[in-house]
Amino acid sequence: MEEIIQLNSGAKLSPHFTLGEMTKSSSHPEVYNIPSHEAIANMKRLCTWLEVLRERASPDPSKGRGVPIIINSGYRSPQLNRKIGGAPNSNHLTGCAADIRVENMEQLLRYAAILLDYADESKQEFDELLIEKNRYGAIWLHFAVRPSGNRRKVCFINA
């Protein structure tokens with residue numbers, strides 16, 4: 001199958017995150033995965049949190065250098081979500097969620113702590129902060145922020 005080309009993949013959602021990295025699918029590049037304007041607005045909101053994570057995860061935040069935050073999965077079209085076996089009501093479908101790649105459990109816990117601290121400091125709510133592990137032992141941090149109705153759900157998911 002032929003890969004679908006996204007025309008605005010370089011469009012910035014925030015200073016360090018692009019539309020392309022929040023919509024790419026390495027496993028299924030042939031699947032249509034173009035977000036709506038509403039999903040793009042949701043990704044922009046999510047990226048404000050990811051910018052804070054990037055800045056605070058730096059080894060020396062006082063120098064203003066952030067560490068790269070690598071997104072494994074951001075927005076998913078219904079077709080892509082079905083193809084990868086995502087939950088039918090996934091926050092990824094609306095551009096409200098990102099799965100963040102981590103090197104190890106320590107980094108994952110640091111990232112989770114940064115996001116929880118930011119929620120408390122800023123008095124903003126998030127929907128989900130999930131520490132996920134699949135049957136092959138891969139781990140990642142799933143983080144979601146909705147426009148409203150956030151649940152502040154924090155849990156470990158061992159699939």
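Pairs only if they're at least six apart or on different chains, beta carbon under 7 angstrom, first in segment 90-114 and farther than 17 Å from residue 37 by Cα, second open to solvent by less than 40 Å² (accessible area, probe 1.4 Å) and of a type in the set (D, E, K, R); list them, first residue then second. If the second residue must be open to solvent by less than 40 Å² (accessible area, probe 1.4 Å) and of a type in the set (D, E, K, R), the pairs left are 90/76. I'd like the full set of residues that are more than 13 Å from residue 73 (Cα to Cα), free of Cβ contacts under 8 Å to residues at least 60 places away in the same chain and buried (at least 16 other Cβ atoms within 10 Å of the Cβ), limited to segment 19-40. Scanning segment 19-40 gives 31, 39, 40. For segment 41-60, the set of residues classified as in contact (Cβ under 8 Å) with a residue 24 or more places away in the chain and of a type in the set (Gly, Ala, Ser) consists of 41, 57, listed by residue number.
The values are calculated or read from the model by the stated rules, or taken from the named source; none is laboratory data. What you see is a predicted model, and the numbers here were worked out from it, not measured in a lab. Note: ideal-geometry Cβ built from the backbone for every residue, glycine included; neighbour counts use all protein chains shown. Note: areas computed on protein heavy atoms with side chains; ligands, DNA, RNA excluded. Shrake-Rupley method; radii C 1.70, N 1.55, O 1.52, S 1.80 Å.
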